[in-house]
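The values are calculated or read from the model by the stated rules, or taken from the named source; none is laboratory data. Keep in mind that what you see is a predicted model, and the values were worked out from it rather than measured. Neighbour counts are summed over all protein chains in view; Cβ atoms, including those assigned to glycine, are modelled from backbone coordinates with ideal geometry. Remember, those area values only see protein heavy atoms, side chains included, never the ligands or the DNA or RNA. Shrake-Rupley method; radii C 1.70, N 1.55, O 1.52, S 1.80 Å.
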Amino acid sequence: MGSVVISYKIFPIDITVDFNELRKKIEECLPEFASVYGFGEEPIAFGLNALIAHIKIPEDKSGALEELEKKLEGISEISQLQTLMVRRTSR
């Protein structure tokens with residue numbers, strides 16, 4: 001059975017948000033069925049960067065995507081969450 005990897009562009013609430021702390025908070029808030037597949041950063045403008053988070057969930061779990069996004073939106077340092085890509089993986 002495969003998994004689904006969702007790539008999110010995460011916009012912080014402020015330029016001063018520490019991405020190392022934000023990564024830790026994301027990892028800690030994930031539901032038990034989800035795991036971090038990787039992180040990246042993308043410059044936006046005027047020193048503001050977006051965090052790119054790749055998160056893996058099982059493809060057969062009903063409601064998993066909605067639960068995951070609700071958890072991520074609950075992090076106070078995140079101002080906006082944008083889905084970049086959803087892809088299936090066999091790993």
Within the range 56-74, is even one residue out of contact with any Pro (no Cβ under 8 Å at 6 or more places or on another chain), open to solvent by 60 Å² or more (accessible area, probe 1.4 Å), of a type outside the set (G, A, S) and assigned to a strand (DSSP E or B)?
no
In the range 42-52, how many residues are modelled with pLDDT of 95 or more and in contact with a helix residue (DSSP H, G or I) (Cβ under 8 Å, 6 or more places away or on another chain)?
1
Could you pull out the residue among E32, E27, E73 that is of a type outside the set (F, W, Y), at pLDDT below 95 and within 13 Å of the chain's Cα centre (by Cα)?
E73
When restricted to E32, E28, E42, the only residue acidic (D, E) and either on the phi > 0 side of the Ramachandran plot or open to solvent by less than 80 Å² (accessible area, probe 1.4 Å) (or both) is E42
